[in-house]
Amino acid sequence: MELRLGVRRNLIYLVLLLLWFCFSLTEKVQAGYYFPPPGQTLTQQNLQIPQTVGLNQNIIIALQGKASRWALWRHGYLVHVEGDFNQTQEVKSLRKTWHALTVGAAVKLGKIPDFKIQKISVYQTNLSGKDANATWRHVITQSAGFDYPGCGDNNDYNPGEMWTYSDLNLKNLNEALFKVWGNPGGSYTAINYKTVLNQAYFTAIGMQGWNTQLNADGIRLILDLEDMGRLGLLMLARGKWDGVELIPQWFVEEQETKQTAGMQVNYNGCNDGVLNHLNKTTFPESPYGYLTWTNSAGDFYKGASTVWSWGAGAGGTFILWNNTNGIVFTAVGADDAPKTSGGIPHIIEANITGPNPLYEGNSLPPSPSVVPSSTPKPSSSPSIAPSPSPNPADADGDGDADTDDFKVWIGNYGKLLNSKTNGDFSLSGKVNLLDYSIWLNNR
């Protein structure tokens with residue numbers, strides 16, 4: 001049974017990728033971002049090898065071990081997928097970033113007149129005392145003060161005084177946004193909340209296959225790496241998708257910039273607010289924008305670009321982007337603790353070789369000047385001499401990268417092999433999407 005399922009899976013990959021291959025023969029790549037059409041499969045993606053988009057051929061090896069599953073894009077062009085691209089899972093606190101962006105969509109649509117002035121108690125009428133004075137901005141900067149008095153602190157803070165990572169902010173935010181959208185479907189449920197997200201921006205960016213879950217702390221999101229890549233690309237493109245503004249650019253830029261100046265901080269909150277990797281000595285102010293982590297003060301990833309921003313959740317769910325260099329990195333099982341060196345941003349920056357020609361305006365994807373057949377291998381992998389054929393994607397030795405070589409690749413996809421004759425055209429020790437990119441660029 002397992003063998004039949006494996007054969008069926010490979011046949012599905014073969015059909016989908018052959019369709020993409022036929023389409024890509026005549027497709028021209030326009031300048032700017034690549035926005036994948038709606039859908040979940042690799043056929044919607046534009047795969048390129050690292051060199052084609054201005055990255056070092058060794059970047060994939062350099063990122064190995066930094067997450068259990070991950071994907072890397074530059075300006076929307078998919079460079080690599082490690083692990084299952086479409087395995088969905090509940091992404092924990094990573095949801096926060098995209099709920100904040102829903103506020104931006106509501107501002108764009110005129111549903112929230114001024115999120116820095118309007119109080120969320122307009123919709124959350126159960127809030128009282130100082131809590132009733134919290135604006136949308138206080139909630140999405142985690143400074144509403146809903147936890148106090150409480151959590152061992154008897155002070156009743158005014159909104160904007162105390163930063164605390166707290167699920168009370170998300171609970172009130174989700175309930176209020178549902179009301180802003182007119183209570184679609186009537187009752188506040190996970191299914192009905194999908195209407196809010198779809199109307200806000202999920203449908204517009206082609207999200208499919210994702211789901212929601214209603215917990216006591218609000219709406220959770222169930223996503224795969226592909227979904228996460230679309231969300232990162234929307235931030236990268238300043239809230240626009242294929243030329244259509246969904247979120248005001250100024251909101252995106254504020255969301256990824258530190259918003260906590262002058263606030264006190266509590267990294268030991270009692271509503272899912274314990275952050276063991278942060279402390280008041282190193283971070284007297286939280287490196288936080290609108291429900292989004294940021295390096296804008298240069299203190300989280302020291303020595304790396306201050307443009308890096310990301311959403312993160314328990315289990316290492318991670319969407320990282322940098323508007324300056326065009327990178328989106330999504331992951332499960334990533335280490336998102338502060339780093340002075342060796343962090344994912346540091347590694348990526350060290351492997352950027354120059355501008356992305358596809359983004360800058362070349363009409364066709366250029367052939368790489370150096371193919372990644374010499375990519376360094378882990379020391380534990382055996383060294384196998386490459387085939388004498390000059391074509392790096394020629395598995396059968398006939399001098400061409402053709403359908404026969406594609407069949408070799410798809411037949412061995414996912415296997416730990418280290419030979420061009422087995423479809424491992426990058427000689428990385430595993431037959432993966434990088435090898436397909438090499439075949440595609442040398443066919």
Item to complete: Tell me, please, whether a residue that is more than 29 Å from R230 (Cα to Cα) and polar (S, T, N, Q) can be found in the stretch 139-157.
Response: yes
Response to the item:
Within the stretch 229-244, of all residues that are part of a loop (DSSP other than H, G, I, E, B) and touching a residue at least 40 places away in the same chain (Cβ under 8 Å), the one farthest from V103 (Cα to Cα) is D242
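For every residue, the table says whether it meets (1) more than 20 Å from D114 (Cβ to Cβ); (2) surrounded by fewer than 20 Cβ atoms within 10 Å (Cβ to Cβ); (3) out of contact with any strand residue (DSSP E or B) (no Cβ under 7 Å at 6 or more places or on another chain); (4) not hydroxyl-bearing (S, T, Y).
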{"position": "A132", "(1), (2), (3), (4)": "no, yes, no, yes"}
{"position": "H138", "(1), (2), (3), (4)": "no, no, yes, yes"}
{"position": "N155", "(1), (2), (3), (4)": "yes, yes, yes, yes"}
{"position": "A176", "(1), (2), (3), (4)": "no, no, yes, yes"}
Item to complete: Would you mind stating whether T52 is modelled with pLDDT under 95 and either hydroxyl-bearing (S, T, Y) or under 29 Å from T257 (Cα atoms) (or both)?
Response: no
Discussion item. I need the full set of residues from the stretch 36-81 which are of a type in the set (K, R) and closer than 21 Å to T324 by Cα, in order please.
Written reply: R74
Worksheet item: Restricting to strands (runs of 3 or more DSSP E) lying wholly in the stretch 153-228: which have 1 or more residues that are closer than 15 Å to L291 by Cβ and of a type in the set (A, V, I, L, M)?
Response: 218-223
Discussion item. Please verify whether D167 is under 24 Å from V79 (Cα atoms) and under 23 Å from the mean Cα position of the chain (by Cα), treating the condition exactly as stated.
Written reply: no
Item to complete: Determine, yes or no, whether L197 is touching a residue at least 12 places away in the same chain (Cβ under 8 Å), under 27 Å from D131 (Cα atoms), of a type in the set (A, V, I, L, M) and surrounded by 17 or more Cβ atoms within 10 Å (Cβ to Cβ).
Response: yes
Worksheet entry | Members of the stretch 54-100 found to be among the acidic types (D, E) and in a loop (DSSP other than H, G, I, E, B), listed by number | D84
Item to complete: Select, from S379, S389, S383, the only residue that is at pLDDT below 80, over 30 Å from Y33 (Cα atoms) and buried (at least 17 other Cβ atoms within 10 Å of the Cβ).
Response: S389
Worksheet item: What do you reckon, is E226 crowded, with 19+ Cβ neighbours inside 10 Å and at negative phi?
Response: yes
Practice prompt. Six or more apart or on different chains, Cβ under 6 Å: which pairs go from a residue in the stretch 245-273 that's over 14 Å from V103 (Cα atoms) to one that's hydrophobic (A, V, I, L, M, F, W, C) and assigned to a strand (DSSP E or B)? Could you list them?
Written response: T260/W163; M263/W163; Q264/M162; V265/W163; N268/V274
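Residues checked against (1) in contact with a helix residue (DSSP H, G or I) (Cβ under 6 Å, 6 or more places away or on another chain); (2) acidic (D, E):
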residue: F202; (1), (2): no, no
residue: D224; (1), (2): no, yes
residue: G229; (1), (2): no, no
residue: R238; (1), (2): yes, no
residue: D242; (1), (2): no, yes
residue: G273; (1), (2): no, no
residue: L278; (1), (2): no, no
Discussion item. If a residue must be surrounded by 16 or more Cβ atoms within 10 Å (Cβ to Cβ) and part of a loop (DSSP other than H, G, I, E, B), how many such residues does the stretch 397-413 contain?
Written reply: 3
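Per-residue answers, yes or no, for (1) in contact with a Gly (Cβ under 6 Å, 6 or more places away or on another chain); (2) of a type outside the set (D, E):
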{"residue": "E253", "(1), (2)": "no, no"}
{"residue": "T257", "(1), (2)": "yes, yes"}
{"residue": "G269", "(1), (2)": "no, yes"}
{"residue": "G273", "(1), (2)": "no, yes"}
{"residue": "F283", "(1), (2)": "no, yes"}
{"residue": "G289", "(1), (2)": "no, yes"}
{"residue": "T294", "(1), (2)": "no, yes"}
{"residue": "G303", "(1), (2)": "no, yes"}
{"residue": "N322", "(1), (2)": "no, yes"}
Worksheet item: Of the residues in the stretch 303-324, how many are assigned to a loop (DSSP other than H, G, I, E, B), out of contact with any His (no Cβ under 9 Å at 6 or more places or on another chain) and closer than 25 Å to G354 by Cα?
Response: 6
Fill in: Among (1) within 30 Å of the chain's Cα centre (by Cα); (2) more than 18 Å from S286 (Cα to Cα); (3) hydroxyl-bearing (S, T, Y) - the single one T125 does not satisfy
(1)
Worksheet item: List the pairs whose first member sits in the stretch 77-97 and is among the aromatic types (F, W, Y), whose second member is modelled with pLDDT under 95, and whose Cβ atoms are under 7 Å apart, counting only residues at least 6 apart or on separate chains?
Response: F85/L42
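The values are calculated or read from the model by the stated rules, or taken from the named source; none is laboratory data. Because the structure is a prediction, the values reported are computed rather than measured. All Cβ positions, glycine included, derive from the backbone under ideal geometry; neighbour counts span all protein chains shown.
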